[in-house]
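Every number in this text was worked out from the coordinates using simple rules, so none of it is lab data. Here the structure is a predicted model, which means the values were calculated and not measured. Here the Cβ positions follow ideal geometry from the backbone for every residue, glycine too, while neighbour counts run over all protein chains shown.
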């Protein structure tokens, strides 16, 4: 009887508490927060569809509406030897994007890295002439871009061919083989437009915020436009750090590219938390990195967070993500897409570059798939930025 009395008296209180208890707040998705601003993307690999990657797949499908494949469309992977093509992983990637109605990025057609040596020699094993190299360029773009015509939304047609001083790279086999950078870029975009019609065509570059490099890219885009060769946008790779680049450099770059009347993308975004010196250049790195990292005095300095990221650095990372996404949101009329280079810390290339074997923490999810404070900082950025917009420069397009 006492037990029944307890239940009867407790029931009204329980009922009232249910009425006034706050409802569980549904976790916000990144793509929903920025749905009226720009696409939110992530780089993935084809194994996202494997059972071992279920958490990755669920996270990508919930939070992102654009995807970029990291390696499987690069020349050295897709066409390692003459006449030999490895389409399986790339096909799987495109099918995944189509199935889930995602915006699909092709990365990349022309790059000086991850391109086989045979691309630059003829059947006799001699260096290609200019004409032979341009034919190699054409046939490669025809094979790869042509295969996914109408299925891939955009291509990074040319990747990282500009030097820090605003002149073309002197170490690019592509440029050396065709004679100069303008020729390479002009024909690459011309062939991409031919074999991937109705596909957006981009130039993608790291440190594209540096004034000298930015001005070189602007000159290159103007050259293409003068020649009547289509280029739809420039991607600023966001391999940045806690204290670089200066926010003003980021905004100046967005404005400079937007003023050309083309799209601006933030690509390959991650924030390095490990020790670097001035604006991304490693401090005093002159010895063999594998040997140097084994020395206790260097290891403690260069790889300090083996046991996890300290709270104060976690806070710095969140603050940095907050301020750059406030910039992006203010410039939302000029930016078409923001893509993270990875999803979870353990998958990031920054664990092995520029020094192998370090523990880095550059993304929004930690190694246990827990959202970091940086995630919430990105979610909150539009509210902090408010309704403020930057007036796009003359000539820029509203997307």
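When 265, 162, 359, 102 are ordered from fewest to most other Cβ atoms inside 10 Å of their Cβ, what list results? Don't skip to the end; give the middle numbers.
Details: 265 29, 162 26, 359 18, 102 21.
The fewest-first ordering by Cβ neighbours comes to 359, 102, 162, 265.
If contacts are Cα pairs under 8 angstrom and at least 6 residues apart, what is the relative contact order of the chain in percent?
Worked out over the chain, it gives 15 percent.
In vacuo Debye scattering of the range 52-161, one point per C-alpha: log10 I(q)/I(0) at q = 0.14, 0.18 Å⁻¹?
-0.61, -0.91
At 0.36 nm per residue, minus the direct Cα-Cα distance, what do residue 306 and residue 323 gain on full extension? Give it in nm, one decimal, please.
Numbers: separation 17, 0.36 × 17 = 6.12 nm, distance 2.68 nm.
Using 0.36 nm per residue and subtracting the Cα-Cα distance, I get 3.4 nm.
For the range 218-269, what mean projected area does the convex hull of the alpha carbons give, in nm²? Mind showing how you got there, number by number?
Working: hull surface 14.8 nm².
Over every viewing direction, the Cα hull of the range 218-269 projects on average to 3.7 nm².
Give me the percent of Cα-Cα pairs in the chain that sit more than 34 Å apart, rounded to a whole number. Intermediate results must be reported in sequence, preceding the final value.
On the way: 27517 of 79401 pairs.
The calculated P(r) of the chain puts 35 percent of pairs beyond 34 Å.
Taking the beta-carbon count within 10 Å as an exposure proxy, list 112, 140 from fewest neighbours to most.
On the way: 112 17, 140 20.
Ranked by crowding around the Cβ, least crowded first: 112, 140.
Can you pull the one-decimal nm distance between simple spin-label points at residue 369 and residue 183, each 7 Å off the Cα toward Cβ?
In this crude spin-label approximation the distance works out to 5.2 nm.
Round to the nearest 10 and give me the degree value, 0 to 90, for the angle of helix 2-20's Cα axis relative to the longest principal axis of the chain.
The two axes meet at around 40 degrees.
Percentage of Cα-Cα pair distances in the range 119-160 greater than 11 Å, rounded to whole percent? Don't skip to the end; give the middle numbers.
On the way: 596 of 861 pairs.
Distances greater than 11 Å cover 69 percent of the Cα pairs.
Would you mind ranking 339, 121, 55 so that the residue whose beta carbon has the fewest other beta carbons within 10 Å leads the list? Before the final figure, lay out each step's value.
Working: 339 26, 121 16, 55 13.
With the fewest neighbours first, 339, 121, 55 line up as 55, 121, 339.
If you build the Cα gyration tensor of the range 83-229 and take the root of 5 times each eigenvalue, what three semi-axes come out, in whole angstrom, biggest first?
Working: eigenvalues 119, 87, 38 Å².
Working through the eigenvalues yields semi-axes of 24, 21, 14 Å.
How long is the range 65-106 along each principal axis, judged by its Cα atoms, biggest number first, in Å?
35, 14, 9
Report for the chain the percent antiparallel among DSSP-assigned beta bridges with both residues inside it, nearest 5. Please report the intermediate quantities before stating the final value.
Details: 5 of 44 bridges.
DSSP beta bridges in the chain are roughly 10 percent antiparallel.
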